[in-house]
Each structure stands twice: as C-alpha cells, then as structure tokens.
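A quick write-up on the structure given underneath.
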Amino acid sequence: MKRALPGLLGLLLVAGPAAAYHDPETPATDYSIYTLKPWELRLGLFAAELGLLESVQVSTYPLFWLVKVKNAQIKWRPWESGGRGVSLELGIFSLDLADFVDEQEAGKDYPQFKVVPFNLVGSSRHDDFTFNAGLSFTWVNFSGTVDSADLEAVGGASTVMFRPAIEYRLSRTFALVAEGRVKIYERYSGRVVTTYTIDADSEVDVVGSAGAEVDGPKGNVGLSAYWSWATFNLRLGLTYGHIAVPVVNVFIPQVSVFPIVDAFWRF
Amino acid sequence: MRALLPVALCLGACTNEVEPPKAPNMSALVARYTQIDGELTPETAPRLLEASAAKLGFLADTEELLGLIEAVATGIANLDDATVKQEDGLAARAQPLTAAGVTIEAGAWAIYRRVCPGTGAEARPSRGKLSLTLLLTDDGFEPVVWGGLAQCLLASALRMDGDIRLRVDGLPAGITGVLVDFEGQLSQEGAPWERLRFDARYVPGEGVLTAVDVPDGGTFLVGYGFDGGVRVVDAQGPWRCDTSVCVGPDGQRVPW
C-alpha cells in the first residue's frame, strides 16, 4: 500500500484532460464569476460542484450532508464580455433537529436552522490578474422548541459582507490570491420567553423581542498560494483578522490568524 | 440584476424578529364613554330606564367577570411578586428595560392566562380560561389589553366564549378604571344565549357603568355603585338614583 500511494497521488495529479490550469479556459471558480463547463465536475475536501450549462453550475457540501445539513447552491453568470462579467449565487442550508430523533413526538415543534446566502460577484480579467469584488447577503434563522422546559425561541442574523479578491497568475499552475472580507452590515435578533406564575390559577408569558445592529469594523485579509495542475488543485494560505464563519457569513469578534486549506479535483 | 431586489428588500424585512402584536383600536369606544351628551330630564328618564334594562340585567349577570378582570389587572401590576417558572430563549439584550419589575427587551409583550373561577365543583381544565395580550412599556403596559375567553365558567354557572378588549386606566400608580368590550357567546348549563356585544366601564371601589343610547335623547352612562344604588351619568355629571328618583350633581331631582 505504501508503494502504491505515490503512484496513486501522481495519477490524481496528472490524470484526465487538462481541466484546471490557470488559463482563460479553466479559471478558478471560488471567488470569481466563473462557473464549471457543462458536465464538468469538481470534487474536493469541501465542495462538490457540477457545471450544468455554459454559465450555470450547482454545488453542495457533502460533509454537511453527513451531519444532516441539507444544502445546495446554484451559481449563474448572466453576463460576461471582454474579460469582465457578473455572477449571482443563491444557496440554502437547512438543519432540522427532528432528523436526529428516532421517534418524533406528534405536534412537537423541533428546532430548525435555515441559512440563505446570496452572492453577487463582479470580475475583471487583465493579463495575469483577475480582480473580483463580491457582496454576500446572508439570512440566518432559528426557530423551534427543544423542550418546554429548555428552549423556546426564534432568532437569527442578517449580514452583508464585501468580499474582494485579487488573483495573480505567476504560471500556468501557480497563482497567488489575496482576498478579504469586510463587514458592511450585521444584525442579530431574537426572542425570549419567560413564564411567571402569579398564583395557582394564573401565569404570564413575557415575550421579549429585540434586534441589534452590530457596530464597529470587522474583517480579515488572506493570502494563499493556489496550485492548479491538470485536474488537481491545492490551495494553502493564511488569513488574519476576524474569523468569518463559513456559510452563515457571520464574524466572530476575535482577531486571530487562521489557515486557508482546500484541495479538489476538476474532471 | 432584478434578482437583487428581493435580497435588498429582505434586509429590511426578513430580520427574524417577531413583531409585537398590534393592539386593537378602542378610541371609538373610549370616546363613547367620555363624550356624554344626554340630559336626564323627566322626559328622557323613563326612556333611559327602558333602554338600559337589558344592559343592566347583563351587567348583573356578568358582574363576576369584572371581578375576574380586576384580579387579572392587579396580578399583572404586581408581577414583581410572581415566581419565574422558566426563562428560556435567545435574546440580543441591546436595550434592557424594566416593566412591572421584569427586565425585558424593547418591543416586548406578555400573554396572561388565568383559569376561570368555575362554580367550585370543577377541576381546573373544565373551568375554561381567560387569555389576554399586553404590550409592555417602561411604565408597565399599554392601556389596551385584549384576548379571549374560552369556555370560561363563572361561579354563576355562566360560560363565556368570545373576544374581549380592555382599556385599563391609571397604571402604573393604580387602576382607576377598566373599559370592557366583549363580543361572543354566553351559555348556561349547556343552553346557549344569543350572541352579543357588550361594553361597560368598571371603576374599582365605586361601581360599573355602561353606555346607553336613548333615541333622540343622547348618550348616557347607566350602572350601579357597589353601595347598591343606581348611577346615571349625563352631560351635567353623575346622578344617584333609587327606585323612584334621581338626584343630580347640583341636588336637582328627576323622577324615574
């Protein structure tokens, strides 16, 4: 097995038609307007993507399905001309805790989490550079009851994030990517229910509803090395700043350094 | 680009917040109880007596309801003494405020549930209940409170089903009056009465009054004091009446 491993890795790195080089025919799809070609497949550590039409691709995160988070995204590039273009991407992520219960109680309102991200991206390609500017709108919602004595709540967040990225192609197989995330808008909201017993015959539910816009700048910057061979792609780098929780696009208010890691194949 | 529109709109509207319920508008009824234009005279008195007979009868039948409402209002005003049964949920505590001793968020409301008194022989679930929604404020709660009676059994064996709206005046210092507006169905021992709408103003410690229109004679308030006497309020002010005569605010006398 040990002897077979280098051969297998080599096969993964070079096998198949050239689908992933950093050239105008196979541009990176992560932070840009670009989509996979029809029936082109991308499989990797995180995302699985499939090109459907010349300008439409669908994707999902298989790891999320393993923990019963249903998820799907569709990306559409409605306009591209002269190395410039615009793309729209809409997703849905849904977690229903009822899926974890073997025998569900009739009529019980099990908690549900829903996240709907929407990304608007513009890209402009100039020689070895591609300049990208994205706006991510994300709506997060929680609702449901865990137990009458434990949790009864609704809550969520709405965020808008600016996501610029610059790709600098140093060779056909290697590029540097500088990217950032900047908070434009963050609003959190929730509801709390408190039950007061007044006497044996009467009680009061006090329901508090509140929303709060979060002030103050938040963001991060990252630099990554992006290798792209015939089919295999590897991306490694570091980000500094506030950690942005993937999918929900919410910033954790703690500044730190964290890695960028991705690996995938394009067929 | 048109696809952006719903997203932009959603930022304003889809913020997961639960909007507080909206209180019903009771201004018309409040005006009816404050803009009294009838004048008690020997001519209008018998017509007032005739017009108010049914409402006074209903007041007597449902007197217990007023006691129940007073108990509810007092209970809410004294939430400080209540014990917390459970406190759950998610909250962004951005602007805490205190209402009736309870720290809550802006835009909070309360749902008050009370088991009806019953005749004394029934278990709690069969006594029905009164549920009221209150909008909480810095000072306690908004004066308009509303909700419903569900199979609410009174000590007189009268059951009430329907919608109820209250305007509670005088808070937070103390309740000075409760305007009641009920619409629904009454029944006694399983026999339903006619569906009706009824309103009255209850003044703790003093009495209860209901608005009565006299054809071509204006609007009066008629009721009784808790000392047993009949009360009439006309454009001049309050009158005290017995079975034969009413005495006005300036001592003038009008026979019934």
Among the residues that make up the range A:182-194, is at least one of them away from chain B (no Cβ under 14 Å), at pLDDT 75 or above and closer than 21 Å to A:W227 by Cβ?
no
Which of the residues spanning the range A:119-177 are modelled with pLDDT under 90, assigned to a loop (DSSP other than H, G, I, E, B) and of a type in the set (D, E)?
A:D150
Residues satisfying the stated conditions in the range A:79-99, i.e. touching a Phe, Trp or Tyr at 6+ places or on another chain (Cβ under 6 Å), open to solvent by 30 Å² or more (accessible area, probe 1.4 Å) and over 18 Å from A:V247 (Cα atoms):
A:V86, A:L97
Among strands (runs of 3 or more DSSP E) entirely within the range B:166-256, at least 3 residues that are over 17 Å from B:L149 (Cβ atoms) and without any contact (Cβ under 8 Å) to a residue 40 or more places away in the chain occur in B:237-241
Going by the structure shown, is A:F264 modelled with pLDDT under 90, open to solvent by less than 10 Å² (accessible area, probe 1.4 Å) and under 23 Å from A:F93 (Cα atoms)?
no
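Within the range A:53-78, track down each residue that is of a type in the set (A, V, I, L, M) and either open to solvent by less than 60 Å² (accessible area, probe 1.4 Å) or at pLDDT below 95 (or both).
We begin by selecting, within the range A:53-78, every residue of a type in the set (A, V, I, L, M); these are A:53, A:56, A:58, A:63, A:66-67, A:69, A:72, A:74.
Matches in the range A:53-78: A:L53, A:V56, A:V58, A:L63, A:L66, A:V67, A:V69, A:A72.
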Can you work out which of the residues in the range B:140-152 that are open to solvent by 10 Å² or more (accessible area, probe 1.4 Å) and out of contact with any Pro (no Cβ under 7 Å at 6 or more places or on another chain) is modelled with the lowest pLDDT?
B:F141
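Among the residues of the range B:17-70, write down those that are in a loop (DSSP other than H, G, I, E, B), within 14 Å of chain A (Cβ to nearest Cβ) and surrounded by fewer than 17 Cβ atoms within 10 Å (Cβ to Cβ). Explain how you work it out, then say what you get.
If we filter the range B:17-70 for residues that are in a loop (DSSP other than H, G, I, E, B), which is where we start, we get B:17-26, B:35-43, B:62.
Retained after the next criterion (residues that are within 14 Å of chain A (Cβ to nearest Cβ)): B:17-22.
Across the range B:17-70, the qualifying residues are B:E19, B:P21, B:K22.
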Inspect the range B:168-176 for any residue being at pLDDT 90 or above, surrounded by 18 or more Cβ atoms within 10 Å (Cβ to Cβ) and in contact with a strand residue (DSSP E or B) (Cβ under 9 Å, 6 or more places away or on another chain) and give the result as yes or no.
no
When only residues in the range B:153-167 that are buried (at least 20 other Cβ atoms within 10 Å of the Cβ) and in contact with a Phe, Trp or Tyr (Cβ under 8 Å, 6 or more places away or on another chain) count, which is farthest from the other protein chains (Cβ to nearest Cβ)?
B:R165
Among the residues in the range A:120-131, are any without any contact (Cβ under 8 Å) to a residue 40 or more places away in the chain and within 19 Å of A:Q73 (Cα to Cα)?
yes
Result of the Cβ filter at 6 Å on the range B:114-133, keeping first residues that are at the interface with another protein chain (Cβ under 9 Å from one of its Cβ atoms) and under 14 Å from A:D205 (Cβ atoms) and partners that are part of a helix (DSSP H, G or I) and open to solvent by less than 30 Å² (accessible area, probe 1.4 Å), at least 6 apart or interchain, is B:R114/B:V72
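The values are calculated or read from the model by the stated rules, or taken from the named source; none is laboratory data. Keep in mind that what you see is a predicted model, and the values were worked out from it rather than measured. Here Cβ is always computed from backbone atoms with ideal geometry, including for glycine, and neighbour counts include all displayed protein chains. Accessible surface areas use protein heavy atoms only, side chains included; no ligands, DNA or RNA. Shrake-Rupley method; radii C 1.70, N 1.55, O 1.52, S 1.80 Å.
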